[in-house]
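Trainee: Can you read through this structure? Questions will come right after.
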Amino acid sequence: MSTYIVGDVQGCLAELKLLLEKAAFNPQQDSIWFAGDLVAKGPESLKTLRFVHSLGDSATVVLGNHDLHLLAVSLDLVPPRPKDKTAPILTAPDKNQLLDWLRQQPLLAEHDEFVMCHAGISPQWDLPTARDNAREIENLLRSENWPWLIEQMYGNQPDSWDEELSGIERYRYIINAYTRMRLCFSDQRLDMRCKLSPGKINGNGLHPWFASPQRIALEKTVIFGHWASLEGCHDNDNNVIGLDTGCVWGRFLTMLRWEDQHYFRQPALSANPQ
C-alpha cells in the first residue's frame, strides 16, 4: 500500500492519469492525496471532478482557492474568470452532486507523518490552532450558511492573525492563509499580492510563509500546492514540501510517493496562456 500526493491538477486530467499509470496506482490498495485546485484553467475540470469523486475513500482532497471560487460562481455571486474552463461543470447533470461533494472537503488533511493544505499554514499558528481553525471553516461550509461564507470570503484583510478575531474577519483570514498565502512580511503579516518566487523578491522585506523568521515550528511536514513559481519545493530546514509545478502553464504535474520519497513528473501535454 502506497500513499501518493499530487500538486494542483487544475483540470489537467490526462496528465494526472499518465502519472497514475507511471506509478501503477491501484485505488483498491493505495491512497492518493490532492493538494487543492482540482479545477480551473485546464481543459477537463468537469472530468477531473468526476474522476476524483469516483475514487471514493482512496482519495483525500483539500480545498484550494480555485475550488472555492467555483462554488462562488455556482451561486452567481461572482462571474467566472475569463481563463477558467469550468463552465461545463455548471451545466452538467451531476453538477449538484459534484459541488456538494466539493464543499464537504477539508482545508487541512492529516496523515500520521504529514499534513496537507493548499497554500500553507499561517506562520502564527501551531498545529493544534491550525486544526481548530480549519474545522471552523469546514463546519461552516457543510452548514446551511455556506453561501454567506462564500460571498463574504473575498478580500485581503485582515492580514495578521489574532485569536480575538471574530466573525467574517476571522473566517477570511483562515481561508486566505489556507488557500491564497504565499509570502509574509517580517512581522508575519500576509502579503496577498506578490506571486513571485523567493529569488525574485529583491529583498523587499518579504519571506515565504514557511521561512518567516518567527514561524512556529510544527511537528509534521507540511505538504502544499498553490505556488507554481516555486517550481516545486522540498525544504528540509523548514519541513515543507511544495508540489505545484505549473502543469497548467505548460510545465509539469508532480506526484510524490510518501513512503520512499520518490517523485513522479509528467510534462504538460498542452499549455494554457498566462
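Trainee: Where in the chain are the DSSP H helices whose C-alpha atoms run 27 Å or more along the long axis and whose mean Kyte hydropathy is at least 1.0?
Mentor: Values: long enough: none.
Counting only whole DSSP H runs, no helix qualifies.
Trainee: I need the peptides 167-173, 20-26 ranked by packing, meaning the mean over residues of other C-beta atoms within 10 angstrom, with the highest value on top. Kindly include the intermediate steps, with their values, before the conclusion.
Mentor: On the way: 167-173: 17.1, 20-26: 14.4.
Descending packing order for the listed peptides: 167-173, 20-26.
Trainee: Same structure, new question: Among (1) 22.5, 93; (2) 19.6, 62; (3) 17.5, 51, only one was calculated for this model; which label is it, if the read-out is Rg and Dmax of the Cα atoms in Å?
Mentor: Label (3) holds the value from this structure.
Trainee: Can you compute the modelled spin-label distance between Glu113 and Lys200, with each label point 7 Å from Cα toward Cβ, in nm?
Mentor: 3.4 nm
Trainee: Put +1 on the Cβ of each Lys and Arg and -1 on the Cβ of each Asp and Glu in the chain; which of Ala23, Ile89, Gly56 then has its Cα farthest toward the positive end of the dipole?
Mentor: Going by the Cα projections, it comes out as Ile89.
Trainee: Sorted by packing (mean other beta-carbon atoms within 10 Å per residue), highest first, where do 115-122, 176-183, 86-93, 101-108 land?
Mentor: Values: 115-122: 26.4, 176-183: 24.4, 86-93: 14.5, 101-108: 19.5.
Averaged packing, sorted descending, gives the order 115-122, 176-183, 101-108, 86-93.
Trainee: Mind listing which GluC sites (Glu not before Pro) in the stretch 36-144 are in a DSSP loop and have 13 or fewer other Cβ atoms within 10 Å?
Mentor: Glu113, Glu144
Trainee: At what distance in angstrom do the alpha carbon centres of the stretch 218-264 and the stretch 41-115 lie from each other?
Mentor: Using only Cα atoms to place each centre, the spacing works out to 20 Å.
Trainee: Can you sort Asp112, Asp126 by how many other beta carbons sit within 10 Å, fewest first?
Mentor: Fewest-to-most ranking of Asp112, Asp126: Asp112, Asp126.
Trainee: Continuing with the same structure: Could you put Met1, Met153, Met255 in order, starting from the residue whose Cβ has the fewest other Cβ atoms within 10 Å? Walk me through the numbers on the way to the answer.
Mentor: Details: Met1 8, Met153 22, Met255 25.
Arranged by neighbour count, lowest to highest, Met1, Met153, Met255 become Met1, Met153, Met255.
Trainee: Pull up the cross-link candidates among the lysines for Lys41, meaning alpha carbon to alpha carbon under 29 Å and not fewer than 8 places away within one chain.
Mentor: List returned: Lys17, Lys22, Lys83, Lys85, Lys95, Lys195, Lys200.
Trainee: Below 8 Å between Cα atoms, with a sequence gap of 6+, how large is the relative contact order for the stretch 67-190 in percent?
Mentor: About 26 percent, as a whole number.
Trainee: Report, by chain and number, residues whose modeled amide H sits under 5 Å from the one on Thr221, excluding near sequence neighbours (fewer than 5 apart, same chain).
Mentor: Those lying under 5 Å, H to H, from Thr221 are Val115.
Values quoted throughout were computed directly from the atomic coordinates according to the rules given, and no laboratory measurement underlies them. Everything numeric here is computed off the predicted structure, so don't read it as measured data. Cβ: placed from backbone, ideal geometry, glycine included. Neighbour counts: every protein chain shown.
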